[in-house]
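**Q** Starting off with a structure, shown below.
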Amino acid sequence: MKKISVIIPVKNTGIYLKDCINSVLEQTYQNFEIIIIDDDSESESKQIIKCLALLDERVKVVTLEKQNGVGFARNKGLEQAVGDYIYFLDSDDYIREDTLESLLRNAEGFSMIVGKTKITTTDTISLQKEEQNVQEDIKVVESAETSAEGETSNLEEDITSKDKTVLYKKKRAKLFKNRSVLNRLISRDFIEEHGLRFTDQVKHQSDLAFLVPALVNLEQVLLVKNSVYYKRRRNDPINNPSLNQSESREKVRDFLQVYNTLRETYTENTAAEKYLDQQFLNYYRKQIAIFIKNPLNIDEIYDLLESGAKKVDANLLKNKSIILRKEMKTLRTKDLPKYKSVIKFHNNLRQIRNMTKSKNKFFLGLYRLLFMKMPVKDNVVVLESFQGKNYNDSPKYIYEYMMKQYPEYDYVWSLNDLSKVIPGNPKKVKRLSLRYYYNIGRAKYWISNARMPNYLNKRQETTYLQTWHGTPLKKLAADMGEVSMPGTNTVKYKRNFVREAGKWDYLVSPNNYSSKIFKRAFQFQNKMLETGYPRNDILSAPDKEKLQKDLKNQLNLPQEKKVILYAPTWRDNEFFERGKYKFNLQLDLEQMRSRLGDDYVVVLRMHYLIANQLDISEFEGFAYDFSKYDDIGHLYLVSDILVTDYSSVFFDYANLKRPILFYTYDLDVYKDTLRGFYFDIENEAPGPLLKNTEQVIKALENIDSLSEDYAKRYHAFYTKFCAWDEGNAAEKVVQQVFNK
Ligand code: C2G
């Protein structure tokens with residue numbers, strides 16, 4: 001019975017390793033050895049490796065004293081292997097239970113058999129659940145990976161056997177397009193006969209050194225379509241990136257280095273040359289072309305790139321696009337300034353071509369090619385709150401302070417609805433309109449409380465003040481586990497976030513706790529303004545009581561009744577579409593009215609991302625919907641008690657030292673599955689956690705004694721989170737950003 005050596009290099013992937021090893025131990029084919037090469041992992045992963053090694057005597061561990069990279073580790077594995085076949089598996093991936101068996105069943109007469117790779121996205125797996133996720137992904141994945149579809153000559157599909165197999169002879173290079181040794185069963189005799197080894201000179205692309213001589217010495221390769229390898233798309237590109245998630249500059253450099261070395265080694269072999277050149281051109285088109293969009297990057301790789309381009313067989317260029325041909329031709333002439341100008345010209349061409357695709361792309365093109373290049377206007381300040389939805393939050397309070405103190409600036413508000421009334425007569429521009437792009441492109445100052453569009457490059461002269469919009473309770477950006485919002489995925493979301501935060505010159509922090517979280521979760525490295533929140537200045541206003549009365553009148557709330565404000569947050573996984581979330585009111589208003597209606601009214605305030613309208617028409621005079629009202633600060637002021645859940649509103653509301661109740665009917669799901677919290681809500685919340693309307697009503701009926709019970713906790717909470725809000729945060733922020 002043939003033995004398979006499964007070689008698994010490990011570098012700090014402890015959390016995934018159990019899934020990986022178990023998937024091998026549970027194979028239907030059991031004659032294997034597992035060789036783990038620990039590439040100097042941190043202690044947590046080392047511990048997990050140790051435990052797994054105790055599980056089964058077929059698990060062997062080789063520990064490297066210093067990190068040497070995946071190529072070196074796999075070579076070490078090859079040295080130890082005694083099996084008839086070698087199978088490379090990565091420690092964050094796993095295989096289906098019949099993968100080894102189905103490959104081996106077809107191995108007779110082949111030195112290499114290849115399976116299929118499917119991408120999975122889930123962080124921690126239950127294999128069965130994973131299978132469902134994967135199904136949805138198959139289409140995308142199959143087009144991205146080595147696939148036999150569409151090819152007819154030189155291969156036969158054998159659909160009569162138990163396995164779906166395709167034989168590749170002349171076109172076998174197709175099965176090497178992914179430049180990866182994963183999910184290949186390879187005869188060890190073949191490996192040793194041809195001295196196949198990985199290069200240990202680079203971190204990425206070390207597989208190529210192994211694959212090229214393999215390709216050259218193979219006459220045929222069999223694809224077994226039902227031998228499945230699950231490749232995990234890791235979700236922490238910021239703190240624990242996979243190799244593929246490394247910085248482009250490292251990846252590009254390594255690719256060019258490996259290509260150049262191999263291309264110099266295999267000068268007399270047409271199959272190797274052709275394969276390598278095709279890889280070079282593909283890589284250039286898909287990765288390098290993007291990397292060098294920033295002209296500074298060209299200098300960094302120019303020598304390697306030029307040396308590579310010179311090696312490419314000119315015949316291969318014949319049927320390539322005119323753009324690629326021109327760039328290669330210029331590279332081969334060794335004229336750097338000319339190459340740079342060709343790249344610039346091509347980038348502009350692409351941009352112009354892109355501009356024809358939609359109105360927004362047209363405006364964006366003008367922004368990049370024209371407005372950003374016009375002189376910056378030193379006195380223009382563009383402001384935006386919640387992506388143009390509102391006139392509120394810290395941008396409003398900074399603006400109202402500035403327009404009085406510094407009328408010499410030109411203020412531009414970016415809004416979705418231009419009919420919004422804003423004091424002081426600022427310019428109003430519709431968000432994402434031509435006027436918006438023009439003003440954004442020329443303004444010296446941007447002030448926003450949320451992310452701006454990711455595609456909006458910021459010119460160097462512009463100062464971007466990000467106020468953010470709340471003390472974090474729910475995990476943010478790089479600290480999040482899995483992102484379950486529509487229209488994005490975890491990796492994209494985290495990357496875009498960190499990219500956006502890289503544009504912020506200043507970030508307002510409401511308290512010391514937030515400063516620490518913002519630095520890590522946003523990877524923020526510029527100037528933190530530890531001033532407290534401008535939006536909370538109003539909560540320390542000296543004429544607060546009068547303000548409360550006036551606002552109650554303005555909002556048509558009965559003066560004689562106390563006000564309960566219910567302000568919950570949104571749920572990532574309950575949505576209609578991107579940016580439009582659902583909310584299901586779980587408060588029994590009927591009950592509340594009958595038990596509390598003599599003394600109280602309820603103000604309902606949904607989060608700005610909630611798209612559905614509440615129907616509370618039958619509770620007129622008792623329940624009021626202020627979801628569309630801009631300034632929640634006004635609602636804080638008119639209310640006597642706050643009911644909320646996992647929204648950051650309670651950090652602000654505590655400034656008023658009024659009672660807070662937490663209606664956390666879905667705490668377990670929200671905390672553990674959806675987001676994860678920074679804050680120990682069970683032990684630190686300045687009020688009780690309640691599960692149903694009955695508990696909410698009881699708490700309201702006993703609010704005085706409850707407040708006494710929570711007085712100590714409330715005080716500790718206030719000291720920790722509200723200490724910086726002294727009523728003059730707008731002034732402090734403006735002093736620092738505008739040097740006033
Ligand atoms: N908000 C509101 N009405 C609500 C909930 C929130 O007006 N019913 C406003 C408050 O100003 C709050 C802000 O929106 O502080 C952010 O709301 P959160 O519920 O905390 O949720 P989110 O928008 O996800 O921001 O660091 C903060 C986090 O990013 C949370």
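**Q** Considering each residue of the stretch 137-190, count those that are in a helix (DSSP H, G or I) and either surrounded by 13 or more Cβ atoms within 10 Å (Cβ to Cβ) or modelled with pLDDT under 50 (or both), and give that number.
**A** Matching residues across the stretch 137-190 total 15.
**Q** Here is a follow-up. Cβ-Cβ under 7 Å, sequence separation 6+ or interchain: first residue in the stretch 520-540 and touching a residue at least 60 places away in the same chain (Cβ under 8 Å) and at negative phi, partner surrounded by fewer than 22 Cβ atoms within 10 Å (Cβ to Cβ) and in a strand (DSSP E or B). Which pairs?
**A** LYS527/TYR506; LEU529/TYR506
**Q** Ok, one more. Answer yes or no: is there a residue in the stretch 703-714 that is within 30 Å of PRO395 (Cα to Cα), surrounded by fewer than 18 Cβ atoms within 10 Å (Cβ to Cβ) and away from the ligand (no atom under 16 Å from the Cβ).
**A** No, the stretch 703-714 contains no residue that is within 30 Å of PRO395 (Cα to Cα), surrounded by fewer than 18 Cβ atoms within 10 Å (Cβ to Cβ) and away from the ligand (no atom under 16 Å from the Cβ).
**Q** Please go through the stretch 598-615 and pick out each residue that is outside any loop (DSSP other than H, G, I, E, B) and either within 13 Å of the ligand (Cβ to nearest atom) or small (Gly, Ala, Ser) (or both).
**A** VAL603, LEU604, ILE610
**Q** Select from the stretch 563-596 the residues that are of a type in the set (Ser, Thr, Tyr) and part of a strand (DSSP E or B) and list them in ascending order.
**A** Passing the criteria: TYR566, TYR581.
**Q** For the stretch 433-451, give me the residue count where each residue is surrounded by fewer than 20 Cβ atoms within 10 Å (Cβ to Cβ) and within 16 Å of the ligand (Cβ to nearest atom).
**A** Result for the stretch 433-451: 2.
Residues are listed down the side, and each one gets a yes or a no for (1) surrounded by fewer than 17 Cβ atoms within 10 Å (Cβ to Cβ); (2) within 16 Å of the ligand (Cβ to nearest atom); (3) not β-branched (Val, Ile, Thr):
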residue	(1), (2), (3)
LEU324	yes, no, yes
ILE343	no, no, no
MET372	no, no, yes
ASN392	no, yes, yes
PRO395	no, yes, yes
MET402	no, no, yes
GLU408	yes, no, yes
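**Q** Restricted to the stretch 320-345, and to residues that are among the basic types (Lys, Arg), closer than 14 Å to ILE298 by Cα and assigned to a helix (DSSP H, G or I), which residue is farthest from the chain's Cα centre (by Cα)?
**A** Among those residues, the one meeting the criterion is LYS338.
**Q** Separate question: Considering the stretch 246-271 alone, what residues qualify as being at pLDDT below 95, surrounded by 15 or more Cβ atoms within 10 Å (Cβ to Cβ) and in a helix (DSSP H, G or I)?
**A** Of everything in the stretch 246-271, just one residue is at pLDDT below 95, surrounded by 15 or more Cβ atoms within 10 Å (Cβ to Cβ) and in a helix (DSSP H, G or I), namely ALA271.
**Q** Taking ASP588 as the residue in question, decide whether it is of a type outside the set (Phe, Trp, Tyr), over 25 Å from ALA699 (Cα atoms) and surrounded by 13 or more Cβ atoms within 10 Å (Cβ to Cβ).
**A** For ASP588, the condition - of a type outside the set (Phe, Trp, Tyr), over 25 Å from ALA699 (Cα atoms) and surrounded by 13 or more Cβ atoms within 10 Å (Cβ to Cβ) - is not met.
**Q** Can you name every residue in the stretch 555-569 that is within 11 Å of the ligand (Cβ to nearest atom) and surrounded by fewer than 21 Cβ atoms within 10 Å (Cβ to Cβ)?
**A** Listed by number, the list is empty, since nothing qualifies.
**Q** Return yes when TYR663 is at pLDDT 95 or above, more than 25 Å from LEU476 (Cβ to Cβ) and of a type in the set (Ser, Thr, Tyr) and no when it is not.
**A** The answer is no for TYR663.
**Q** Which of the strands (runs of 3 or more DSSP E) found entirely inside the stretch 422-531 contain at least 2 residues meeting this: under 19 Å from LYS377 (Cβ atoms)?
**A** Per the criteria, 427-430, 443-448, 463-466.
**Q** Which one of GLN30, GLN47 is outside any helix (DSSP H, G or I) and farther than 26 Å from ALA173 by Cα?
**A** GLN30
**Q** Is the stretch 352-360 home to any residue that is touching a helix residue (DSSP H, G or I) at 6+ places or on another chain (Cβ under 6 Å) and in contact (Cβ under 8 Å) with a residue 24 or more places away in the chain?
**A** no
**Q** Let me ask something else. Restricting the search to the stretch 469-501, which residues are in contact (Cβ under 8 Å) with a residue 40 or more places away in the chain, closer than 29 Å to ASP631 by Cβ, crowded, with 19+ Cβ neighbours inside 10 Å and more than 12 Å from the ligand (Cβ to nearest atom)?
**A** Once the filter is applied, which keeps residues that are in contact (Cβ under 8 Å) with a residue 40 or more places away in the chain, closer than 29 Å to ASP631 by Cβ, crowded, with 19+ Cβ neighbours inside 10 Å and more than 12 Å from the ligand (Cβ to nearest atom), the stretch 469-501 yields only GLU500.
**Q** Restricting attention to the stretch 370-397, report how many residues are closer than 29 Å to ASN348 by Cα, part of a helix (DSSP H, G or I) and in contact with a helix residue (DSSP H, G or I) (Cβ under 6 Å, 6 or more places away or on another chain).
**A** Summing the residues that are closer than 29 Å to ASN348 by Cα, part of a helix (DSSP H, G or I) and in contact with a helix residue (DSSP H, G or I) (Cβ under 6 Å, 6 or more places away or on another chain) in the stretch 370-397 gives 2.
**Q** Considering only the stretch 5-23, how many residues are more than 23 Å from GLY83 (Cα to Cα) and not charged (D, E, K, R)?
**A** 5
The values are calculated or read from the model by the stated rules, or taken from the named source; none is laboratory data. No experiment lies behind these values; they were computed from the predicted model shown. For neighbour counting, all protein chains shown are included, and Cβ atoms are generated from backbone atoms with ideal geometry for every residue, glycine included.
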